[in-house]
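Q: Below is one structure. I have some questions about it.
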């Protein structure tokens, strides 16, 4: 039943927003019939837009033959504490510091530089190299394929 609700919400969302800058990130349905819908936009998502999406999804769910008798729906953009899930989120965060957990459990950190269909590139912190006269700093770049990534989070920097 939960899969049917998620599919219905996904269909409703994509029917209205497929050709816009707004995209669906995640749907979570909790045991107490609380439905969390996370959406984002290439340019940011306002509270007014979240309200619009919520009303649209609620209307569509209410027209469906009792998928849920009683539910609470919340629509928001994912917070910084949530992992990136969509490639569009990666593209939106180019230039920001990220922490990438790989499938083997290792973690790579650096500035997200590039995103393409298959991988990302991060610029890692400079490494000091002691030479004859002075320290040189070497910047390293790391390509990481999406299928190697377990989780990526944006790091908050001040």
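Q: Take the stretch 51-65 and flag every residue that is free of Cβ contacts under 8 Å to residues at least 12 places away in the same chain and not in a loop (DSSP other than H, G, I, E, B). Step through it out loud before you land on a result.
A: Initially, the stretch 51-65 is screened for residues free of Cβ contacts under 8 Å to residues at least 12 places away in the same chain, giving 52, 55, 59, 62-63, 65.
The answer is 52, 55, 59, 62.
Q: Still on this structure: Residue 68 is checked against (1) more than 14 Å from the chain's Cα centre (by Cα); (2) assigned to a loop (DSSP other than H, G, I, E, B); (3) exposed (fewer than 12 other Cβ atoms within 10 Å of the Cβ); (4) modelled with pLDDT under 95 and fails just one. What number does that condition carry?
A: All conditions are met except number (3).
Q: I'm trying to understand the selection: among the residues of the stretch 21-35, which are within 18 Å of residue 59 (Cβ to Cβ) and exposed (fewer than 15 other Cβ atoms within 10 Å of the Cβ)?
A: Across the stretch 21-35, the qualifying residue is only 33.
Q: Another question, then. May I ask you to list the residues in the stretch 13-50 that are more than 16 Å from residue 74 (Cβ to Cβ), in contact with a helix residue (DSSP H, G or I) (Cβ under 8 Å, 6 or more places away or on another chain) and not in a helix (DSSP H, G or I)?
A: Filtering the stretch 13-50 for residues more than 16 Å from residue 74 (Cβ to Cβ) gives 14-23, 41-44.
Adding the requirement that they be in contact with a helix residue (DSSP H, G or I) (Cβ under 8 Å, 6 or more places away or on another chain) leaves 16-17, 22-23, 41-42.
If the condition is that a residue be more than 16 Å from residue 74 (Cβ to Cβ), in contact with a helix residue (DSSP H, G or I) (Cβ under 8 Å, 6 or more places away or on another chain) and not in a helix (DSSP H, G or I), then 22, 23, 41, 42 are the ones that fit.
Q: If residue 76 meets every condition in (1) under 14 Å from the mean Cα position of the chain (by Cα); (2) under 26 Å from residue 118 (Cα atoms) apart from one, which number is that one?
A: So the condition that residue 76 fails would be (2).
Q: Suppose the filter is surrounded by 12 or more Cβ atoms within 10 Å (Cβ to Cβ), farther than 29 Å from residue 61 by Cβ and either touching a strand residue (DSSP E or B) at 6+ places or on another chain (Cβ under 8 Å) or at pLDDT below 95 (or both); does residue 94 pass it?
A: Working: surrounded by 12 or more Cβ atoms within 10 Å (Cβ to Cβ): yes; farther than 29 Å from residue 61 by Cβ: yes; either touching a strand residue (DSSP E or B) at 6+ places or on another chain (Cβ under 8 Å) or at pLDDT below 95 (or both): yes.
Yes.
The values are calculated or read from the model by the stated rules, or taken from the named source; none is laboratory data. Everything quoted here is computed from the prediction, not taken from an experiment. Cβ sites come from the backbone with ideal geometry, for glycine too, and all protein chains shown count toward neighbours.
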